[in-house]
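Participant: Before I ask anything, let me first share the structure, which is written out below as structure tokens.
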Amino acid sequence: MSDTNNNLEELFFEEDIHLNHLAELVKQSIKEEELLTTKLIEMDEEGAFSFGEKCADRVASFGGSWSFIITFGVFIAFWVLLNSLWINNKSLDPYPFIFLNLILSCIAAIQAPIIMMSQNRKEDKDRRRLKSDYMINLKAEMELRGLHQKIDLMMAEQMQSLFKFQKEQINLLLELKEMKKEK
């Protein structure tokens, strides 16, 4: 009977070791997750843009808005009416409004590179976002693989434990059978 107790104590000790091993695996996974989060935060901080790039974003967002289109339409209408109806033909820019064309050309020449800068900045943001998404997906895949390995390990250890318990039960049954025969 003492052999059986020793075997049972040994089995419980092995189960305790198994649980400690699983706890260590969980702690390691948590540390790896913290490392990924830190890397993503560092990537966002690296992407800090200059004042000029941020201004380009503001100009591009205003230049592509309805408020800009409406404001500019009102400005052009006011310009044409003012210069068309100017009394005694003393207008600043008589028809065909060459000065207005010059102003419009200058605005377009300045606005086009600013919009390009803004698009480049947004492209950089998208590229960084895609990279971080890729890292997160890669981390999820690694976690799934780790979980599969842990489950396989748990199943193998569980099977070993079950076989040991079953062996102990068979030994106990055999001992009981012998004790019964002796009586």
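The values are calculated or read from the model by the stated rules, or taken from the named source; none is laboratory data. Every value quoted in this text rests on a predicted model; they were computed, and no experiment measured them. Cβ: placed from backbone, ideal geometry, glycine included. Neighbour counts: every protein chain shown.
Participant: Let me confirm something: among 98, 69, 76, which residue is among the β-branched types (Val, Ile, Thr), closer than 30 Å to residue 124 by Cα and at pLDDT 90 or above?
Facilitator: The match here is 69.
Participant: Also, I was wondering about something else. Could we say that residue 48 is over 23 Å from the mean Cα position of the chain (by Cα) and either at pLDDT below 85 or assigned to a helix (DSSP H, G or I) (or both) here?
Facilitator: no
Participant: Also: Identify the single condition in (1) surrounded by 10 or more Cβ atoms within 10 Å (Cβ to Cβ); (2) at pLDDT 85 or above that residue 181 does not satisfy, given that it satisfies every other one.
Facilitator: Evaluating residue 181 over (1) surrounded by 10 or more Cβ atoms within 10 Å (Cβ to Cβ); (2) at pLDDT 85 or above leaves (1) as the failure.
Participant: Taking the stated definitions as given, is residue 105 of a type in the set (S, T, N, Q) and modelled with pLDDT of 85 or more?
Facilitator: Details: of a type in the set (S, T, N, Q): yes; modelled with pLDDT of 85 or more: yes.
Yes: the conditions hold for residue 105.
Participant: Somewhere in region 134-149, is a residue among the hydrophobic types (A, V, I, L, M, F, W, C), within 30 Å of residue 21 (Cβ to Cβ), part of a helix (DSSP H, G or I) and modelled with pLDDT of 85 or more?
Facilitator: Looking for residues that are among the hydrophobic types (A, V, I, L, M, F, W, C), within 30 Å of residue 21 (Cβ to Cβ), part of a helix (DSSP H, G or I) and modelled with pLDDT of 85 or more, one finds at least one in region 134-149, hence yes.
Participant: Still on this structure, please answer the following. Is it the case that some residue within region 146-164 is in contact with a helix residue (DSSP H, G or I) (Cβ under 8 Å, 6 or more places away or on another chain), surrounded by 13 or more Cβ atoms within 10 Å (Cβ to Cβ) and over 30 Å from residue 9 (Cβ atoms)?
Facilitator: yes
Participant: Let me ask something else. Conditions: (1) exposed (fewer than 11 other Cβ atoms within 10 Å of the Cβ); (2) in a helix (DSSP H, G or I). Residue 96 meets all but one. Number of the miss?
Facilitator: Condition not satisfied by residue 96: (2).
Participant: Going by what's in this entry, would residue 116 be described as more than 22 Å from residue 20 (Cβ to Cβ), at pLDDT 85 or above, among the hydrophobic types (A, V, I, L, M, F, W, C) and surrounded by 12 or more Cβ atoms within 10 Å (Cβ to Cβ)? First the steps, then the outcome.
Facilitator: Details: more than 22 Å from residue 20 (Cβ to Cβ): yes; at pLDDT 85 or above: yes; among the hydrophobic types (A, V, I, L, M, F, W, C): yes; surrounded by 12 or more Cβ atoms within 10 Å (Cβ to Cβ): yes.
The answer is yes for residue 116.
Participant: Continuing with the same structure: Among the residues of region 85-100, are any among the polar types (S, T, N, Q) and within 53 Å of the chain's Cα centre (by Cα)? Steps first, answer last, please.
Facilitator: Going through region 85-100, the residues among the polar types (S, T, N, Q) turn out to be 88-89, 91.
Subset that is within 53 Å of the chain's Cα centre (by Cα): none.
No - not one qualifying residue is present in region 85-100.
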